[in-house]
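Read the structure below first, then the notes.
The values are calculated or read from the model by the stated rules, or taken from the named source; none is laboratory data. Note that the structure is a prediction, hence the values are computed from the model and not measured. Counting neighbours? That spans all protein chains shown, and the Cβs are built from the backbone with ideal geometry, glycine included.
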Amino acid sequence: MATKNAKESLTAAEIKEIKKHLEELKADAEKRLKDKKDMDMPEAEVGDPIDVAGQSLDKEILFELSGNSHNTIGQIEAALRKIEKGIYGRCELCRQPIPKKRIKALPFARYCVNCQHSSESSHH
Ligand SMILES: [Zn+2]
């Protein structure tokens, strides 16, 4: 019997990958927050040539989406807690699995696209 949701649910290996990615993002966000306090420069990527341009671009996009570093850290921590509890990858509102594509684009997403939209429109 084939599981219908297998395509959408994350494997243990994928969750491990995401967890690693989230931890990196968190460390980066914390660093950014500190850098921002120390100096008012938008680009503070000094002394780390190993950090690939593509990777930091990916991070830039995430920070754009989430608004600011401080908020991002909170969201990343929440996502990490969900991984610990084994409830990661599900929408907090409708409990439906969040599509992998969305998870990969926004690893700390709390809601599925539908709920994200309805929470945004009900904000007014
Ligand atoms: Zn939902």
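Annotation note: Cβ proximity below 6 Å between a residue of the stretch 92-109 that is in contact (Cβ under 8 Å) with a residue 40 or more places away in the chain and a residue that is among the aliphatic types (A, V, I, L, M) and surrounded by fewer than 16 Cβ atoms within 10 Å (Cβ to Cβ) (sequence gap 6+ or interchain) occurs for no pair. Residues that are surrounded by fewer than 14 Cβ atoms within 10 Å (Cβ to Cβ) and either aliphatic (A, V, I, L, M) or part of a helix (DSSP H, G or I) (or both) within the stretch 93-117 comprise Lys101, Ala105, Val113, Asn114, His117, listed in sequence order.
The set of residues from the stretch 105-124 being away from the ligand (no atom under 14 Å from the Cβ), touching a helix residue (DSSP H, G or I) at 6+ places or on another chain (Cβ under 9 Å) and either among the charged types (D, E, K, R) or over 21 Å from Leu25 (Cα atoms) (or both) is empty.
Close Cβ contacts (under 7 Å, 6 or more residues apart or on different chains) running from residues in the stretch 111-124 that are within 17 Å of Pro97 (Cα to Cα) and among the hydroxyl-bearing types (Ser, Thr, Tyr) to residues that are modelled with pLDDT of 70 or more and in a helix (DSSP H, G or I) comprise Tyr111/Ser119.
So, in the stretch 79-104, exactly how many residues are within 18 Å of Glu17 (Cα to Cα), within 16 Å of the ligand (Cβ to nearest atom) and within 14 Å of the chain's Cα centre (by Cα)?
Here is the first cut: in the stretch 79-104, the residues within 18 Å of Glu17 (Cα to Cα) are 79-90, 97-104.
Retained after the next criterion (residues that are within 16 Å of the ligand (Cβ to nearest atom)): 79, 82, 87-90, 97-103.
Those still in the list that are within 14 Å of the chain's Cα centre (by Cα) too: 79, 82, 88-90, 98-103.
Number of matching residues: 11.
Can you pull out the residues in the stretch 69-92 that are of a type in the set (Gly, Ala, Ser) and part of a helix (DSSP H, G or I)?
Here is the first cut: in the stretch 69-92, the residues of a type in the set (Gly, Ala, Ser) are 69, 74, 78-79, 86, 89.
Hits for the stretch 69-92 are Ser69, Gly74, Ala78, Ala79.
Could we say that Phe63 is aromatic (Phe, Trp, Tyr) and at pLDDT below 85 here? Here the answer is yes, as Phe63 does meet what is asked.
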